[in-house]
Each structure stands twice: as C-alpha cells, then as structure tokens.
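K.L.:
Questions regarding the structure given below will be posed in turn.
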C-alpha cells in the first residue's frame, strides 16, 4: 500500500494485481466522514489478520471489494452520498 495523492492509495494484492483508489468520494457519514481529516486518513494500516485497510477509528473495507474496485467502487460511492444525508445517531 502506498499513498499516491490525498485520499488516494495504491493497494497491492497477493495475486500480484493492484488498484489505485481515490477514497475521497466515500469519506461521508458517521464512520468514514472523520477520515476527511487527512492526518487521520494517513494513519491507515494493513490489518495483519484480515489483510485489509484499517483506520484507528474502526473504518475498514472488505478486501474483496478493494480487489475488485472497478466493479464495487461506483456502488459504494452512490451509497456514500446517502450516508451524508443520513441522520447522525446521538
């Protein structure tokens, strides 16, 4: 994994493939919204057990979703637009 731009990571996989993912459109809602703080976003790590991206606030992504980003990314971005308008629980 390597940062290539603000909110954008190049993620490598065991099969030798990689995806460059701009997470900015997903940084909405209660879980992912705090990652708009670039300092928090940049604290991303790879979880040693499940081998996916994780952040200190508990945000993460399914590794299969990251691997097949061209298929899943647009759907997640559409969902993120709904997260932004969802009421925040107290």
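The values are calculated or read from the model by the stated rules, or taken from the named source; none is laboratory data. None of the values given here were measured: they were computed from a predicted structure. Note: ideal-geometry Cβ built from the backbone for every residue, glycine included; neighbour counts use all protein chains shown.
K.L.:
Sort out which residues of the range 13-28 are out of contact with any strand residue (DSSP E or B) (no Cβ under 6 Å at 6 or more places or on another chain) and surrounded by fewer than 18 Cβ atoms within 10 Å (Cβ to Cβ), and write them in order of number.
P.N.:
Scanning the range 13-28 gives 13, 14, 15, 16, 17, 24, 25.
K.L.:
Can I ask one more? Taking into account only those residues within the range 62-86 that are part of a loop (DSSP other than H, G, I, E, B) and either exposed (fewer than 11 other Cβ atoms within 10 Å of the Cβ) or at pLDDT 95 or above (or both), which is nearest to the chain's Cα centre (by Cα)?
P.N.:
68
K.L.:
What pairs come up if the first residue lies in the range 50-61 and is touching a residue at least 24 places away in the same chain (Cβ under 8 Å) and on the phi < 0 side of the Ramachandran plot, the second is crowded, with 17+ Cβ neighbours inside 10 Å and part of a loop (DSSP other than H, G, I, E, B), and their beta carbons are under 7 Å apart, counting only those six or more places apart or on different chains?
P.N.:
That search, which allows pairs on different chains as well, returns 53/44; 53/61.
K.L.:
Give 44, 38 a once-over and let me know the one that is buried (at least 17 other Cβ atoms within 10 Å of the Cβ) and in contact (Cβ under 8 Å) with a residue 24 or more places away in the chain.
P.N.:
44
K.L.:
If you don't mind, another one. Considering only residues of the range 37-54 that are in a helix (DSSP H, G or I) and touching a helix residue (DSSP H, G or I) at 6+ places or on another chain (Cβ under 8 Å), which is nearest to residue 70 (Cα to Cα)?
P.N.:
Filtering the range 37-54 for residues that are in a helix (DSSP H, G or I) and touching a helix residue (DSSP H, G or I) at 6+ places or on another chain (Cβ under 8 Å), the one nearest to residue 70 (Cα to Cα) comes out as 41.
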